[in-house]
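The next block holds one structure in the form of structure tokens; read it before the comments.
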Amino acid sequence: MRWLLLSLVFVVGIANSQQPPQKSSSNAKPAAANERGSEKSPVVVRLQNTGKTPEESEDDKKERLEKSSADWWMIKLTATLAGLALLQLIAFVAQAIYMRRTVRAMNEEFISTHRPRIRVRHVWAEGELWGGEKIAVRAQVVNVGITPAKITEYSARLLILQKSKHLPAVPQYGYSVVVLTDPSLQSGSSADLPPDNDIAILKEHTMPISDDDNSAIRDGKSLVYALGFVRYEDQAARPRTTTFCRVLEPPDSSLAGAYSEIGRFVRLDPPNPDYEYED
């Protein structure tokens, strides 16, 4: 029995001595059954074919042309829209200017149609005509128009001419009085010119009558004219002028007290359009 155990141990020892020593798993090198070296099998480099067929090149060319054409038409369309917008702006500005001019013309036409109109109603002299003293000319004006008138200036003078002579072709006006106290005259209203507070200024520009002129006027050899103008403005501040000219009609010398009266100024017969007009 002991012999049998020793024989078994001997056989197991021989078997173990014939097996190769095994290394630990940490130092084991994995098997590379499919590993190939560069010497045995060279590296194979595959080049991809980047070339295109003629059909593909033609398609790309067509695509580029179509895109370029689309971009060009887009530019044209944008330019056309910009041009239309510019034309519309120009038309709008032109229409605005036209409307403004139309409104202004309508306003001016309304003012011209509904304008003030100053007419000289009466003309008279203040002072002593026959006493050799100075006299001044005053006038009463009335607004026969529709809208108010702003009176700005008044002028009047006396002119003594021989009966055989005519009035000068061009009126020769004298002093003028700036009217500031009553700036506006309503439709249908009247006013005396110059205003009462300008009488002192008016008397500084009065005209003396000499004895010779006195005698000639009494005898009918000379005529006394009162001529002048009234300047005023309408609602658009446009200046307008009304002129007047009157001739003195002396009192009848045969009547009592005739020498203490001046007489009255009457309209010319026939009227002289160079001396009496309304613009």
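Per-residue extension of 0.36 nm, minus the Cα-Cα distance of Ala91 and Asp60, leaves a gain of 6.5 nm for this segment.
With a Förster radius of 45 Å applied to the beta-carbon distance between Lys76 and Arg238, the computed FRET efficiency rounds to 0.25. Given their separation in residues at 0.36 nm each and the Cα-Cα distance between them, Met99 and Glu261 gain 52.2 nm when the chain is fully extended. Summing charges over all other residues whose Cβ lies under 13 Å from the Cβ of Ser69, with Lys and Arg as +1 and Asp and Glu as -1, gives +2.
With the simple model of a label 7 Å out from the Cα in the direction of the Cβ, Asp219 to Glu126 spans 3.3 nm. The calculated FRET efficiency for the pair Ser210 and Tyr277, based on their C-beta separation and a Förster distance of 45 Å, comes to about 0.90. The label point for Ser187 and the one for Leu268, both projected 7 Å from the Cα toward the Cβ, are 3.2 nm apart.
A short reminder: the numbers here are calculations on the coordinates, not readings from a lab. Quick caveat: nothing in here was measured; it's all calculated off a predicted structure. All Cβ positions, even for glycine, are placed from backbone atoms using ideal geometry, and neighbour counts span all protein chains on display.
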